Amino acid sequence: MAGMPRIQAVRMAYTLSGRAQLLSPLPLYTREDARMLGLRLEAPRWHRVRKGVHVDKKQYLALNDWQKYAVCVHAYLRLHPDAILCLESAGVIHGLPQFGEGRFIHVYDPRAMASQRYGDIRVHTSRDPRRVVRIGATLVTSLLDTVVDLARVMNPADALAVADASISAVQGGSLRLDALIERGRELEDPRGRARMRWVWGHANALSESPAESISRAVIMWSGYEMPELQREFRYEGHVDRCDFYFRSNGAIGEADGWGKYELDDPAEAARRLRDEKRREDRLRRHQHPMGRWDLGDAWKVSPLRAALDGAGVRMVRPPVPAMLATLRVRSRAKPWRSATRETDPAE
């Protein structure tokens, strides 16, 4: 995105194309590269991503979890350029939301007799053929198949964010919910079918970010009334749109991502924060209580609940502790990493 105006770069970061990592976030060096460049790939400067593939350790440690996973995926591709990526690994190329640093590299092999694991590589096969496409130089399962497969295996809130992103025009999604439902019905493998049906039943193309999708799941499982998404208000000559509108008391909820405030540009950040303060004051003047939280608050549940309680949002059903507990399940991410931040370059 070099040369792109910063305001456009922030907007793109919330789209699939903005998140897609068609190239490694860091330069990858093989032993052959090192010999040609006269480098010594030794600790402590260099970090071995895979056997024979290294990156600058300081740069690697500065990356977000999702970027580290993208580096690992591309390191594997450097050694196996003809591999077909699937699941979260294909999601890196498609630009689907990622949560935490993935535990495995996922590869689809339609010729394999059975799915197998080799260290951190999982090779998947299936009696249901997947459509394979080439994006740039990389072979991946199609966006449709990737989203359907992830809906069957991710925890429900993560899967909801992936499905929302794939059908949200604002997030650059190109799929239709009915196409996802139909593709899911075609699969013979029954694993994850109930989870997938839950995702299809709650996916919403109006969701504009992973933070909104996760928040919606937490609101539902916490027992609050379900909000209207992207409601617009026309007050004092302005049009103000909100993430969540709770009809019973007129409350407004906002799932903030700090990237939109341009915090690395002090002047632009100050202008945006002033505009946001004026917007919030305007909405409050027209009797709309406000509650704010970020993705980390949604993962923790209690801060989001406190924001809704402070805005007077009603609980209309008992909470569902079993579903809230799934927010703490990160079986598909490395356990020593945190997934409390939105997986977005703007962050």
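The values are calculated or read from the model by the stated rules, or taken from the named source; none is laboratory data. These numbers were taken from a predicted model, which means no experiment stands behind them. A quick note on method: Cβ atoms are made from the backbone with ideal geometry, for glycine too, and the neighbour counts reach across all protein chains shown.
Listed conditions (1) modelled with pLDDT of 75 or more; (2) loosely packed, with under 15 Cβ neighbours inside 10 Å; (3) in contact with a strand residue (DSSP E or B) (Cβ under 7 Å, 6 or more places away or on another chain) are all met by residue 284, apart from (1).
A Cβ distance below 9 Å, combined with a sequence gap of six or more or placement on separate chains, defines the contacts here; from the range 275-295, residues that are touching a residue at least 60 places away in the same chain (Cβ under 8 Å) and more than 10 Å from residue 235 (Cβ to Cβ) reach residues that are of a type in the set (Phe, Trp, Tyr) and assigned to a helix (DSSP H, G or I) in the pairs 294/258.
All conditions but one from (1) farther than 30 Å from residue 128 by Cα; (2) out of contact with any His (no Cβ under 7 Å at 6 or more places or on another chain); (3) modelled with pLDDT under 95 apply to residue 41; the one that does not is (2).
Among the residues of the range 59-83, those that are among the small types (Gly, Ala, Ser) and either touching a Lys or Arg at 6+ places or on another chain (Cβ under 7 Å) or surrounded by fewer than 23 Cβ atoms within 10 Å (Cβ to Cβ) (or both) comprise 62, 75, 83.
The residues of the range 218-255 that are free of Cβ contacts under 8 Å to residues at least 12 places away in the same chain and closer than 19 Å to residue 320 by Cβ amount to a single one, 226. Once the range 242-277 is narrowed to residues that are at pLDDT below 75 and of a type in the set (Lys, Arg), the residue that is nearest to residue 316 (Cα to Cα) is 277. For the range 21-44, residues that are farther than 12 Å from residue 73 by Cα and in contact (Cβ under 8 Å) with a residue 24 or more places away in the chain total 3. Residue 27 fulfils the conditions (1) within 30 Å of residue 145 (Cβ to Cβ); (2) of a type outside the set (Val, Ile, Thr); (3) surrounded by fewer than 18 Cβ atoms within 10 Å (Cβ to Cβ) except for a single criterion, (1). The combined condition, being more than 29 Å from residue 157 (Cα to Cα) and of a type in the set (Gly, Ala, Ser), is not fulfilled by residue 119.
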